[in-house]
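Below is one structure, written out as structure tokens, with a few remarks after it.
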Amino acid sequence: CSISLGITGVYGLTVSKLNDAEKLILELIDLRNNANFESMFENIEKGLNLVRDKKSRDLVLEGRLRMELGLLKIQSNSEEDPEVDFEWALRRLSSVSEFSRLHGLAIINKAAYHEKIDEKLMALHLYGEIALNSTFPLEVIGFSRIGAARILVQINHIGDACRHLYNAHNIFTKSNNLELAWHSGFQFLSIASQY
């Protein structure tokens with residue numbers, strides 16, 4: 001957050017407590033903000049080497065870096081297939097960090113990838129892996145409801161889409177994320193109003 005918001009003082013306080021792999025993740029955020037794709041690929045490779053080394057092994061960060069690699073391949077219009085990275089990240093994070101924010105993001109990113117390549121039902125299936133009553137963070141559950149609703153509208157399942165948007169609105173309201181509560185509530189109203 002401090003990098004994205006430009007609050008360098010907070011960054012300075014925390015950076016000394018991070019290991020080398022965690023520092024590379026922070027650098028990756030900065031590189032992404034500057035759209036420096038070549039350096040991002042190098043950064044991820046360095047990070048993966050670190051988290052795979054016996055002395056600095058970190059299974060969660062390895063999953064995160066593979067997810068970042070998949071996102072980067074899409075961002076940079078790489079010819080390499082990002083699905084392998086998304087699948088790898090999803091399997092790793094579901095085994096070592098189940099129901100965490102990162103695990104949820106891995107599911108959402110893989111679903112978004114399938115949506116992008118017009119595999120709507122596969123994407124819908126993935127969004128469905130984040131159950132409404134699961135222990136994922138509320139924001140992850142809310143985002144999965146919005147993603148599912150978007151696909152359901154495209155395949156003309158309006159009632160189900162409205163149910164998901166209504167749930168997303170309530171979830172974001174509970175988590176005090178008012179902007180996303182407004183967003184999902186407005187989408188619900190704009191879709192449901194014609195019925």
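The values are calculated or read from the model by the stated rules, or taken from the named source; none is laboratory data. Not measured: the values here are computed from a predicted model. Note: ideal-geometry Cβ built from the backbone for every residue, glycine included; neighbour counts use all protein chains shown. Note: areas computed on protein heavy atoms with side chains; ligands, DNA, RNA excluded. Shrake-Rupley method; radii C 1.70, N 1.55, O 1.52, S 1.80 Å.
Data table
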{"quantity": "Surface per residue (accessible, 1.4 Å probe) for the chain, Å²", "calculated": "57"}
{"quantity": "Cα gyration tensor of segment 54-135 - equivalent ellipsoid semi-axes, whole Å, descending", "calculated": "20, 19, 8"}
{"quantity": "DSSP loop trypsin sites (Lys or Arg not before Pro) with at most 12 other Cβ within 10 Å: longest gap in the chain", "calculated": "58-195"}
{"quantity": "Furthest towards positive pole of dipole, 183, 77, 48, structure part the chain, Cβ charges", "calculated": "183"}
{"quantity": "Cα-projected label distance for residue 83 with residue 33, points at 7 Å along beta-carbon direction, nm", "calculated": "3.5"}
{"quantity": "Dipole magnitude of segment 14-136, debye to nearest 20 (Cβ charges: Lys/Arg +1, Asp/Glu -1, about Cα centre)", "calculated": "520"}
{"quantity": "Cα-projected label distance for residue 101 with residue 55, points at 7 Å along beta-carbon direction, nm", "calculated": "3.1"}
{"quantity": "Whole-percent carbon and sulfur share, accessible surface of the chain, 1.4 Å", "calculated": "55"}
{"quantity": "Equivalent ellipsoid, the chain (semi-axes from 5 times Cα gyration tensor eigenvalues, Å)", "calculated": "32, 19, 16"}
{"quantity": "Lysines with Cα under 29 Å of residue 73, excluding same-chain neighbours fewer than 8 positions away", "calculated": "23, 46, 54, 55, 110, 116, 120"}
{"quantity": "Neighbour cut-off at most 12 other Cβ (10 Å), DSSP loop, GluC sites (Glu not before Pro), segment 84-175", "calculated": "98"}
{"quantity": "Angle between the chain longest axis and helix 101-116 axis [Cα atoms, degrees, rounded to 10]", "calculated": "70"}
{"quantity": "Extension gain, residue 118 back to residue 18 (0.36 nm per residue minus Cα-Cα distance, nm)", "calculated": "32.0 nm"}
